[in-house]
Each structure stands twice: as C-alpha cells, then as structure tokens.
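I have placed the structure first, in the form of structure tokens, so that the comments after it can refer back to it.
Every number in this text was worked out from the coordinates using simple rules, so none of it is lab data. Model, not experiment: these values are computed from the prediction. Cβ sites come from the backbone with ideal geometry, for glycine too, and all protein chains shown count toward neighbours.
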Amino acid sequence: LLRQGLTDNPGHLEGWLALGLALVGHADGFVTPAALQAFGRARVIDPDHPGAEYFLGFAYLQSGEIRAARNVWAGLVERSSTDAPWRAGLEAEVARLDDMIARAPMLQGQ
C-alpha cells in the first residue's frame with residue numbers, strides 16, 4: 001500500500017518516512033539499506049524537515065547503534081532553530097546517549 005502510494009506520489013515526505021519506519025520494523029529494528037534509502041528520499045524532498053533525521057536516529061537506536069543515533073540527533077540539534085518545539089526533548093536525548101556512551105566502554109569506540 002505504501003509503495004503504491006509512493007509510486008503515485010513520489011514527492012510525499014510522510015510516505016517515505018512511513019516506509020522507512022515500516023522497513024525498520026519488518027527487519028526487527030535493523031536499519032536496512034532499503035530503510036536508509038526511504039529516509040534519504042525524505043531528506044531529498046525536504047532537507048529542512050527534521051522528520052527524516054529524527055526517525056533515522058531512532059532507527060539506529062532501535063538497532064543498537066547508539067553512537068550513530070547520537071551523531072544524527074546531535075547534528076539535527078545543531079542545525080535546528082533554538083525555538084523549535086522539539087529541540088529541548090532532542091537535546092535531552094543526546095545528553096542521555098552521551099551519558100550512556102560515557103558509562104559503556106564498548107560504545108566509546110563504536
């Protein structure tokens with residue numbers, strides 16, 4: 001259903017985000033190449049929309065790639081306006097991941 005909708009409307013940002021999330025869910029939380037492609041398409045459609053990078057970071061987190069999630073979200077915070085309604089929550093998540101990385105030596109070299 002999603003793929004058909006995107007075939008009919010390839011510029012639908014939310015459709016690409018939904019497809020990426022569905023693919024990650026189908027792969028038991030792993031960010032597959034197809035999911036990365038879907039998130040990448042969403043970024044191309046609207047590079048300023050935070051959704052693609054937020055969900056990409058979330059997908060990395062679900063698949064255990066803590067440092068990758070942290071880096072994606074930290075970059076998103078750096079590029080976002082200070083009054084973005086979601087910024088404070090995302091800053092808190094980055095701080096939580098920084099703390100997790102600092103406490104787990106195995107994550108420091110990831």
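Give the range 59-73 a look and list any residue that's surrounded by fewer than 18 Cβ atoms within 10 Å (Cβ to Cβ), of a type outside the set (S, T, N, Q) and without any contact (Cβ under 8 Å) to a residue 40 or more places away in the chain, or say none.
Across the range 59-73, the qualifying residue is only Gly64.
Kindly provide the set of residues from the range 64-110 that are in a loop (DSSP other than H, G, I, E, B) and either within 16 Å of the chain's Cα centre (by Cα) or hydroxyl-bearing (Ser, Thr, Tyr) (or both), ordered by number.
Residues satisfying the conditions are Gly64, Glu65, Ser80, Ser81, Thr82, Trp86.
Just checking, which of Gly5, Gly15, Gly64 is on the phi > 0 side of the Ramachandran plot and touching a Gly at 6+ places or on another chain (Cβ under 9 Å)?
Testing whether each residue is on the phi > 0 side of the Ramachandran plot and touching a Gly at 6+ places or on another chain (Cβ under 9 Å) leaves just Gly64.
What tally of residues in the range 74-99 results from selecting those that are among the acidic types (Asp, Glu) and buried (at least 16 other Cβ atoms within 10 Å of the Cβ)?
Within the range 74-99, residues that are among the acidic types (Asp, Glu) and buried (at least 16 other Cβ atoms within 10 Å of the Cβ) number 1.
Which residues, taken from the range 15-45, are outside any helix (DSSP H, G or I) and buried (at least 20 other Cβ atoms within 10 Å of the Cβ)?
Listed by number, the list holds a single entry, Val31.
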